[in-house]
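Notes follow once the structure below has been shown.
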Amino acid sequence: MSTPLNLAILGGDGTGPEVVAQALRVLEAVTADGSVAVQTTHFDYGAAHYLATGSVITDEEVDELRGFDAILLGAVGHPDVKPGILEKGLLLKLRFQLDQFINLRPVKLYPGIETPLKDKGPDDIDFVCVRENTEDLYCGNGGRARVGTPQEISTQEMIATRFGVERCVRYAFELAKTRERKHLTLVHKTNVLTHCGGTWFDTFRDLATEYSDVETDYHHVDACCMYMATKPEIYDTVVVPNMFGDIITDLGAAVAGGMGIAASGNLNPDAGAGSVSMFEPVHGSSPDIAGQDKANPLACIDSLAMLLRETGRVKQRPALSKAGDKVAAAVQAVTPNFTGKRLDRSGYSTTEIGDMAIAALG
Ligand code: NAD
Ligand code: IPM
Ligand code: MN
């Protein structure tokens, strides 16, 4: 038997553990033939852990995660905890400290899923967003003073470093090169954010000279939102800073049918010692439907497919990639069950959709 795939499982809050449970059932089924041995370790970070201990996750606990092959995360955020504490203290801390500098978010309309866009089909909606994941407004620079007075002041600073931008843009060019259309669009707001936008635009322009086989384009983020909703077929690979990337990928999830299907990977693609990538659905902990067996687990199951494929690539373990391909195929085999239904309030339970995915594995 090969070395086990050593996974850290962070269910998190709300619907997070519910969708992760289904992804783990799928993982068990896809590896039942013995092709891949799997070892999972569960961590209970999230609202309950924070409320009980006063700690979200310590630096030492983050370091412990470096020993795993990959992390599967559900979602974080809870109505009983002030906004930002868990999101910044857990999710962003992991992305930053584990230097997961790429947030890869495919936007693909699967067969059977309905898009809210009139007259658009799977051929029109098939692109991938490369969201920078360690800089920008997310660094938290700034502050708030004289709170509650008429003189209150707050600032929140946008950061772009040539190093951070360049490694992200280079990843996007490399990815674009592997795709059929070989087309990369930079999305920013260079007409207003002339400082950070300048760094992004110049880096993009400079790297483009090294990738003459990739066609390039630039869109302001406001126009990008309009195009995504009117002519999504113009996009193939999109590279975007952190904050705009957060926003346009929710829009992307919506045009591809909804949050129930949108998968993502927080990647440290360098695969150096101590680096570990983390895979999670784009959606949050959905307190409105938590505990009701209503969350669609397909986004988490597709994130598991990404985990297996990416870990297989990085660790050069073809058996993992193959298992990932099978899980991705199962997700696409299940989607026709949603024809004429919404992805999120489909009427199927979380468990039923997990059953469908397992059955589709064959
Ligand atoms: P959300 O994605 O949790 O929910 C938005 C809406 O989409 C809700 O109506 C929800 O029911 C629905 N939805 C989302 N995923 C679904 C699924 N798989 N199946 C069916 N319906 C689904 O976003 P929100 O309401 O803005 O945030 C809720 C909490 O989650 C907040 O605390 C927020 O900070 C956090 N959050 C966490 C992450 C993450 O962990 N990556 C991402 C976004 C939001
Ligand atoms: C996401 C989420 C996170 C983000 C939040 C919860 C910190 O919205 O993964 O898209 O803004 O990146
Ligand atoms: Mn988001």
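The values are calculated or read from the model by the stated rules, or taken from the named source; none is laboratory data. These numbers were taken from a predicted model, which means no experiment stands behind them. Neighbour counts are summed over all protein chains in view; Cβ atoms, including those assigned to glycine, are modelled from backbone coordinates with ideal geometry. Side chains included, ligands, DNA and RNA excluded: accessible areas come from the protein's heavy atoms. Shrake-Rupley method; radii C 1.70, N 1.55, O 1.52, S 1.80 Å.
Across region 110-160, Cα-Cα pairs more than 14 Å apart make up 70 percent of the total. Straight-line cross-link reach from residue 231 at under 17 Å between alpha-carbon atoms covers these aspartates and glutamates, not counting any fewer than eight positions away in the same chain: 114, 119, 123, 124, 126, 217, 222, 250. Phi angles of region 38-53 translate, via the Karplus equation with coefficients 6.51, -1.76, 1.60 and θ = phi - 60°, into HN-Hα couplings of 10, 10, 10, 10, 8, 10, 9, 4, x, 4, 4, 4, 5, 5, 7, 10 Hz per residue; Gly and Pro are given as x.
Could you calculate the FRET efficiency of residue 28 with residue 154 from 1/(1 + (r/R0)^6), where r is the beta carbon distance between them and R0 is 51 Å, rounded to 0.05? If you can, show how the numbers build up before the last one.
Working: r = 48 Å, r/R0 = 0.94.
Once the sixth-power term is evaluated, E becomes 0.60.
Annotation: Cα Rg of region 309-362 relative to the compact-globule expectation 2.2 N^0.38 Å equals 1.36. With one equal scatterer per alpha carbon and no solvent term, the Debye-computed log10 I(q)/I(0) for region 81-210 at 0.17 1/Å reads -1.06. Taking only the C-alpha atoms of region 229-362, the Rg (one decimal) and the largest Cα-Cα distance, Dmax (whole number), read 15.7, 47 Å.
At 1.4 Å probe radius, can you tell me the per residue accessible area of the chain in Å²?
Solvent-accessible surface per residue comes out at 42 Å².
Counting charges near residue 196 (Lys, Arg +1; Asp, Glu -1) among other residues having Cβ under 12 Å from its Cβ returns a value of -3.
When the convex hull of its Cα atoms is viewed from all sides, region 75-142 shows a mean projected area of 7.0 nm².
Below 8 Å between Cα atoms, with a sequence gap of 6+, how large is the relative contact order for region 115-256 in percent? Don't skip to the answer; put the middle values down first.
Numbers: 226 pairs, mean separation 52.6, N = 142.
Relative contact order for region 115-256 comes out at 37 percent.
In this structure, the amide hydrogen of residue 218, modeled 1.01 Å from its nitrogen in the peptide plane, lies closer than 5 angstrom to those of 186, counting only residues at least 5 positions away or on a different chain. The lysines whose alpha-carbon is closer than 27 Å to the alpha-carbon of residue 322, local same-chain residues fewer than 8 away aside, are 108, 177, 182.
Straight-line cross-link reach from residue 315 at under 19 Å between alpha-carbon atoms covers these lysines, not counting any fewer than eight positions away in the same chain: 326. According to the square roots a ≥ b ≥ c of the eigenvalues of the Cα gyration tensor, what is the shape class of region 1-126, taking rounded for a/c under 1.5, prolate for a/b larger than b/c otherwise, and oblate for the remainder? Oblate, because a/c is 1.5 or more while a/b does not exceed b/c. Each residue of region 205-215 is assigned a 3J(HN,Hα), and the resulting list reads 4, 5, 5, 4, 5, 8, 10, 5, 7, 9, 7 Hz, derived from the Karplus form 6.51 cos²θ - 1.76 cosθ + 1.60 (θ = phi - 60°), x at Gly and Pro. Entry note, the chain: the mean residue ellipticity at 222 nm calculated from DSSP H runs of n ≥ 4, each adding -39500 (n - 2.57), is -11500 deg cm²/dmol after division by the residues and rounding to the nearest 500.
So what are region 197-298's ellipsoid semi-axes, whole angstrom, largest first, if each one is the square root of 5 times an eigenvalue of the alpha-carbon gyration tensor? Before the final figure, lay out each step's value.
Values: eigenvalues 172, 84, 28 Å².
For region 197-298, the ellipsoid semi-axes come out as 29, 20, 12 Å.
Taking 0.36 nm per residue of separation and subtracting the Cα-Cα distance, full extension of the segment from residue 62 to residue 215 would add 51.1 nm.
Of all segments of the chain bounded by GluC sites (Glu not before Pro) found in a DSSP loop with no more than 11 other C-beta atoms within 10 Å, the longest spans 211-362. For region 349-361, the Karplus equation 6.51 cos²θ - 1.76 cosθ + 1.60, evaluated at θ = phi - 60°, returns couplings of 7, 3, 5, 4, 5, x, 4, 4, 5, 5, 4, 5, 6 Hz by residue, with Gly and Pro reported as x.
Where both residues lie in the chain, what percent of DSSP beta bridges are antiparallel, nearest 5?
Numbers: 18 of 45 bridges.
Bridges in the chain that DSSP calls antiparallel: roughly 40 percent.
In units of the rule-of-thumb radius 2.2 N^0.38 Å, the chain shows an alpha carbon radius of gyration of 0.97. Between residue 39 and residue 223, the simple spin-label model (points 7 angstrom out along Cα→Cβ) gives 5.3 nm.
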